[in-house]
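A.B. asks: One structure is given below, represented as structure tokens, and several questions about it will come after.
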DNA sequence: GTCTATAATGAGATAGAC
DNA sequence: GTCTATCTCATTATAGAC
């Protein structure tokens, strides 16, 4: 580990922390667990960061920057119509949750830890803005790919889609009920499609 | 504190724990903080419970049993029509979140802590069932108060309302944007009202 | 600059006096 | 039955040898 610039150590540790958090949760992301994941000695931690919360701040930045945020775009283009595209995108997200529930739960835990920690309390706002931006781009791409437009501002609809996504995710995490999630996904699709310009059948 | 039956100690401690959790979060609910809140000596804790997780299980039971779950019913009856009733109920819930954000966040934290703790991992299912039951009752009361019916099973609609509620709550907790929450609330109302039997204008 | 060794704190749990 | 005093452990953070 000799001679690694401090900046690289910081990102390496932040990435390692995200891996630990995604696997075992925020509470399990102790400095020991993080340096073990990164293959570094314990003291390297405080060489790169002054505190654990400073590191968690970087972890949220990583999430905000879209580390691992997915490639749903193809779904929007392959679908025969906008409704199918919307449904397929919700379904793809749900599949992601089912494939790695701990990771999705970890995103909630990060937000909530930040909200409880005064120096980090401002970060969730940016985290959610980042989510909305991603969703907004998908909404615009989807509509234009199927010659439709949305009947309300995309930012507003993106916020609604984000709320639906969070709600469906929490529901599945608590219940692990695939059928119920499938029905929620259908209702969410209807709710979104109610806001196309050409009515609900575009 | 002399001569208090063990069962009463358990509920007193669980209530105290819920108070601490609602105020400061799950992570802050140490055995010391809990007994301080309850005005008991530390040893009383392990006299009543074998472990901290056993207590947290009781805390979730308390939440499931509807401790503090509110009295929205009047809103449904006072409103001039079903749409207003639905909107007013969402709005009342949002007011509750804004009045005590820490408490609402604590409910999420409890769920997530339980999901991460194998012996407690089954509790969130019951917690969410309890939420859906409450919402289902409100939906039935609302529809019958305004001579309408829902066009899909009430349980399914209740799950959808719960997802919307969770999503709006998380959104507001992250952003603290009252106007955005207001718009979400309006969209959520539309989405629910799309599932009345007599069309969307009942 | 880097890491071993350790300090300082606060946690959950318990032994044993009353 | 109840509670004081203590144990053991894991944590964050740091001092100081290389």
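A.B. asks: Using the structure shown, decide if residue A:128 is away from DNA strand D (no atom under 16 Å from the Cβ), within 17 Å of residue A:188 (Cβ to Cβ) and within 21 Å of the chain's Cα centre (by Cα). Break it down stepwise before answering.
C.D. replies: Values: away from DNA strand D (no atom under 16 Å from the Cβ): yes; within 17 Å of residue A:188 (Cβ to Cβ): no; within 21 Å of the chain's Cα centre (by Cα): yes.
Answer is no for this residue.
A.B. asks: While we're here: Answer with yes or no whether residue A:188 is more than 7 Å from chain B (Cβ to nearest Cβ) and buried (at least 21 other Cβ atoms within 10 Å of the Cβ).
C.D. replies: Yes: the conditions hold for residue A:188.
A.B. asks: Moving to a separate point now. Residues that are farther than 30 Å from residue A:173 by Cα and within 12 Å of DNA strand D (Cβ to nearest atom): list the helices (runs of 4 or more DSSP H) wholly contained in region A:1-59 that include at least 2 such residues.
C.D. replies: Numbers: elements: A:6-24, A:31-38, A:43-48.
Qualifying helices (runs of 4 or more DSSP H): A:43-48.
A.B. asks: Collect the residues in region A:1-40 that are touching a residue at least 12 places away in the same chain (Cβ under 8 Å) and farther than 29 Å from residue A:100 by Cα, keeping them in residue-number order.
C.D. replies: Within region A:1-40, A:1, A:6 qualify.
A.B. asks: Would you confirm whether or not region B:91-104 contains a residue that is within 14 Å of another protein chain (Cβ to nearest Cβ) and within 16 Å of DNA strand C (Cβ to nearest atom)?
C.D. replies: Scanning region B:91-104, I find no residue that is within 14 Å of another protein chain (Cβ to nearest Cβ) and within 16 Å of DNA strand C (Cβ to nearest atom), so the answer is no.
A.B. asks: Residues of region A:51-90 being within 14 Å of chain B (Cβ to nearest Cβ) and within 16 Å of DNA strand C (Cβ to nearest atom), which ones? First the steps, then the outcome.
C.D. replies: Kept after step one, since they are within 14 Å of chain B (Cβ to nearest Cβ), are these residues of region A:51-90: A:52-53, A:56, A:60, A:63-64, A:86, A:90.
Once the filter is applied, which keeps residues that are within 14 Å of chain B (Cβ to nearest Cβ) and within 16 Å of DNA strand C (Cβ to nearest atom), region A:51-90 yields A:52, A:53.
A.B. asks: Follow-up question, since we're still on this one. Return the residues of region A:146-165 that are touching a residue at least 24 places away in the same chain (Cβ under 8 Å) and surrounded by 16 or more Cβ atoms within 10 Å (Cβ to Cβ); say none if nothing qualifies.
C.D. replies: A:146, A:148, A:150, A:157, A:158, A:159, A:160, A:161, A:162, A:164, A:165
A.B. asks: Being modelled with pLDDT under 95, buried (at least 16 other Cβ atoms within 10 Å of the Cβ), farther than 28 Å from residue A:24 by Cα and more than 16 Å from DNA strand D (Cβ to nearest atom) is true for just one of B:82, B:75, B:94. Which residue is that? Spell out the reasoning first.
C.D. replies: Details: B:82 fails: modelled with pLDDT under 95; B:94 fails: modelled with pLDDT under 95.
Just a single option satisfies the conditions, and that option is B:75.
A.B. asks: Applying the selection to region B:166-184, what residues are more than 7 Å from every other protein chain (Cβ to nearest Cβ) and surrounded by fewer than 20 Cβ atoms within 10 Å (Cβ to Cβ)?
C.D. replies: B:176, B:177, B:178, B:179, B:182
A.B. asks: So which residues in region B:35-50 are touching a helix residue (DSSP H, G or I) at 6+ places or on another chain (Cβ under 9 Å) and near DNA strand C (Cβ under 8 Å from one of its atoms)?
C.D. replies: We begin by selecting, within region B:35-50, every residue touching a helix residue (DSSP H, G or I) at 6+ places or on another chain (Cβ under 9 Å); these are B:35-49.
Across region B:35-50, the qualifying residues are B:42, B:43, B:45, B:46, B:47, B:49.
A.B. asks: Further question: How about region A:148-160: which of its residues are more than 9 Å from chain B (Cβ to nearest Cβ) and within 15 Å of the chain's Cα centre (by Cα)?
C.D. replies: The answer is A:158, and nothing else.
A.B. asks: Also: When you go through B:141, B:194, B:163, B:145 one by one, which is the residue that is over 21 Å from residue A:169 (Cα atoms) and facing another protein chain (nearest Cβ under 8 Å)?
C.D. replies: Working: B:141 fails: facing another protein chain (nearest Cβ under 8 Å); B:163 fails: over 21 Å from residue A:169 (Cα atoms); B:145 fails: facing another protein chain (nearest Cβ under 8 Å).
Going through B:141, B:194, B:163, B:145 in turn, just one is over 21 Å from residue A:169 (Cα atoms) and facing another protein chain (nearest Cβ under 8 Å): B:194.
A.B. asks: Another question, if that's okay. With the condition kept exactly as written, say whether any residue in region B:14-31 is within 8 Å of DNA strand C (Cβ to nearest atom) and away from every other protein chain (no Cβ under 14 Å).
C.D. replies: The initial filter retains those residues of region B:14-31 that are within 8 Å of DNA strand C (Cβ to nearest atom), namely B:28-31.
Remaining after also requiring away from every other protein chain (no Cβ under 14 Å): B:31.
Yes, that holds for at least one residue.
The values are calculated or read from the model by the stated rules, or taken from the named source; none is laboratory data. Everything quoted here is computed from the prediction, not taken from an experiment. Positions of Cβ are backbone-derived with ideal geometry, glycine not excepted, and every protein chain shown enters the neighbour counts.
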